[in-house]
Amino acid sequence: TGPGDIFTVEVKASPSASAEDVGTITITQVKVRDCVNAPIPTVAGAAASLTIDTSAPTAISDLSAAQVVTGNDDDGTTEITVSFTDPPEGDLAGVEVYRAPYVKTDDSNAYPEYNDHTGAGSPSIPTYPPSAPWALTSVTAGGQTDETTDRGFWYYVAFAKDDCGNVSAVSNMTGGTLNYHLGDVADGENAPESGDNLVGTVDISELGDNYGTSLAHNDPVNYLDVGPTADYSVNALPTTDNLIGFEDLIMFAINYGQVSFTGEQPEIAGRPNDDDQHGQVALEVGPFLTGIRANQIVQIPILIRGDVDRVQGLRTVLSYDGTLLAYEGSEVAAHLDGVPHFFKALPAAGEVDLNLALLGRDTAFGDQGAVMTVRFRALRNGQVAVRLTESTVRDRNNAELLPQADSPRGIADRSVEAEIVLPTQFRLGEARPNPFNPRTLISFDLPRSVDVTLSIYDASGRVVRTLVDEAMPAGSHGVEWDGTDNAGRSVSTGVFFYQMSAGEFVSQKRMTLLK
């Protein structure tokens, strides 16, 4: 039907051949017949020569991998961009890129417990062709992305091949890359750990449901144990500590509303400085009444001072005398109510573990002063002394802000004894919570000992309950109303007023009972 190729003959270099030798192929005999078997005059063409190539391409030396943090789909795993420069050989036929996870000793994926598996670690650098745990990816050129449906911490190697099938030495192995966002543990519809490449409210709720839990090996919620990481960033290998606590919270908080986000950035009150210099902060116990009587409510504020615009989250343990005080509750300061945040108090005998993080890297505490208040009820008369221990304060990059040059990161012991500071003026505080059901706490300050009356009125001006009617010492006080009248009957939903009279001082405020 016309000139063209008739046969293809495969040849290879003989064992005795050396690199860059030239092999010759010669046609020594030709017979050609037509359709009735008559000979057709034919001559052999010239001999052909083949250069013998046994030299492998130069190995790739600049292989790198980076997680794609925005624009991913919603399947719970992200893409990873693999970058490298092609070797310079002109006969380069292609590049093969392989991936392998941080592995257990049986070469299976160590996610989500990673270092908790005995002997687990990064995969061994392979020779060609790689075997398990290494798997071939679809990446053939630098700048392409790879995605697998299995979560893990992934390593990459590459091999270059030429037209003669020579394979380069293995490339450098990348340092390991996450293909999911730390804190992405739910998608709002499916079972936990499904993920949707966003860290939002459903993820924070899943964390909150298990906060303070110690984990065993192969615990069903080990996927929540994401911190601390190897370098304390949200991009590094989780070095799990078998506790759902602050180290996990700070990972969730930094990634909240940020990763894989493609819409318009939300407006959040209080934005941090652009300056990357880390300022230091101080965590302190605020003023409170130390001389107390049995059944009296004691409110102890926790204060933060210094470069507070950089603070992402904090943890501190408030220690107290359990024979003198009974823990009643705690809450964040009112100025943080409008800022997305996570707050969890974990009370135990003689201490309460306080954990607070603002959600999203663009949030900030904004103001120095009280960030939370802890309430106690006095079990007997006595003198209150408390201290803060195990304190840590982190910025939006999870860097420590407390000045702790000689302490392990995040395990700072900042013991603070409470000072005796009396109020300088009369004050009637806000009822907290408000609205409430069925209890609320009313606070007030007395700069000196005085006769005090504190009463609750309904909307018509009728006295519903008298909470205090006696002489009281100077200090900060708190009285709880349980939503009952003077006869012990529960009152109905509605607006109520509470009024305090202390000497010449009179003040009234409003609160709402909702049932």
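The values are calculated or read from the model by the stated rules, or taken from the named source; none is laboratory data. It should be emphasised that the depicted structure is a prediction, and the values quoted were computed from it without experimental measurement. Virtual Cβ from ideal backbone geometry, glycine too; neighbours counted across all protein chains shown. Quick note on the areas: whole protein, heavy atoms, side chains included, nothing else; ligands and nucleic acids left out. Shrake-Rupley method; radii C 1.70, N 1.55, O 1.52, S 1.80 Å.
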- Query: Under unit Cβ charges (Lys, Arg +1; Asp, Glu -1), what dipole magnitude, rounded to 20 debye, does the range 127-270 have relative to its Cα centre?
  - Reply: 560
- Query: Tell me, in nm to one decimal, what length is gained between A141 and Q280 on full extension, where the rule is 0.36 nm per residue of separation less the Cα-Cα distance?
  - Reply: 45.5 nm
- For the range 448-512, the dipole about the Cα centre with charges only on Cβ (Lys and Arg +1, Asp and Glu -1), to the nearest 20 debye, works out at 200
- Positive-end residue, the range 419-515 charge dipole about Cα centroid, Cβ charges, pick of S455, L428, T512: T512
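For the chain, what does -39500 (n - 2.57) per DSSP helix run (n ≥ 4), summed and divided by total residues, give at 222 nm, in deg cm²/dmol to the nearest 500? Walk me through the numbers on the way to the answer.
Values: 2 runs with 20 residues, N = 515.
One gets -1000 deg cm²/dmol as the mean residue ellipticity at 222 nm.
Place a +1 charge on the Cβ of each Lys and Arg in the chain and a -1 charge on the Cβ of each Asp and Glu, then give the dipole magnitude about the Cα centre in debye, rounded to the nearest 20.
1940
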- Going 7 Å from the Cα of T51 in the Cα-to-Cβ direction, what parts of the range 1-44 have a backbone nitrogen less than 13 Å from that spot? 19-23
- Query: Got the relative contact order for the chain handy, in percent, Cα pairs under 8 Å and 6 or more residues apart?
  - Reply: 10
- Query: How do S18, S49 stack up against each other in accessible area, from largest to smallest, with a 1.4 angstrom probe?
  - Reply: S49, S18
- Message: Under 8 Å for C-alpha pairs, at least 6 residues apart: give me the relative contact order for the range 415-487, rounded to a whole percent.
- Response: 32
- Message: Testing the spin-label approximation: label points 7 Å from Cα along Cα→Cβ at D451 and T28. State their distance in nm.
- Response: 13.2
- Cα-based Rg and Dmax for the chain, in Å, come out at 35.5, 134
- Query: If the label point is 7 Å along Cα→Cβ of D485, which residues in the range 456-477 have backbone nitrogen under 16 Å from it?
  - Reply: 456-467
- Message: Just to verify a number: what accessible area does C35 come out at with the full protein assembly present, 1.4 Å probe, Å² rounded to tens?
- Response: 140
- Give, in nm to one decimal, the length gained when the segment between S319 and C35 is fully stretched (0.36 nm per residue of separation minus the Cα-Cα distance). 91.8 nm
- Within the accessible area of the chain (1.4 Å probe), percent carbon and sulfur: 48
- For the range 40-149: rounded, prolate or oblate by the Cα gyration tensor [a/c cutoff 1.5]: prolate
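For the range 109-174, what class follows from the C-alpha gyration tensor (a ≥ b ≥ c being the square roots of its eigenvalues): rounded when a/c is under 1.5, otherwise prolate if a/b is larger than b/c, else oblate?
Prolate.
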- Let a ≥ b ≥ c be the square roots of the eigenvalues of the Cα gyration tensor of the range 330-375; is it rounded (a/c under 1.5), or, if not, prolate (a/b larger than b/c) or oblate? prolate
- Query: Which Cα, out of P57, T77, V103, lies furthest along the positive dipole direction of the range 51-109 (beta carbon charges, K/R +1, D/E -1)?
  - Reply: V103
- With DNA, RNA and ligands ignored, accessible area of R33 (1.4 Å probe; Å², nearest 10): 120
- Message: If you count only protein heavy atoms with a 1.4 Å probe, what accessible area per residue comes out for the chain, rounded to a whole Å²?
- Response: 48
- Message: Using protein chains only and a probe of 1.4 angstrom, how many square angstrom of V226 are accessible, to the nearest 10?
- Response: 10
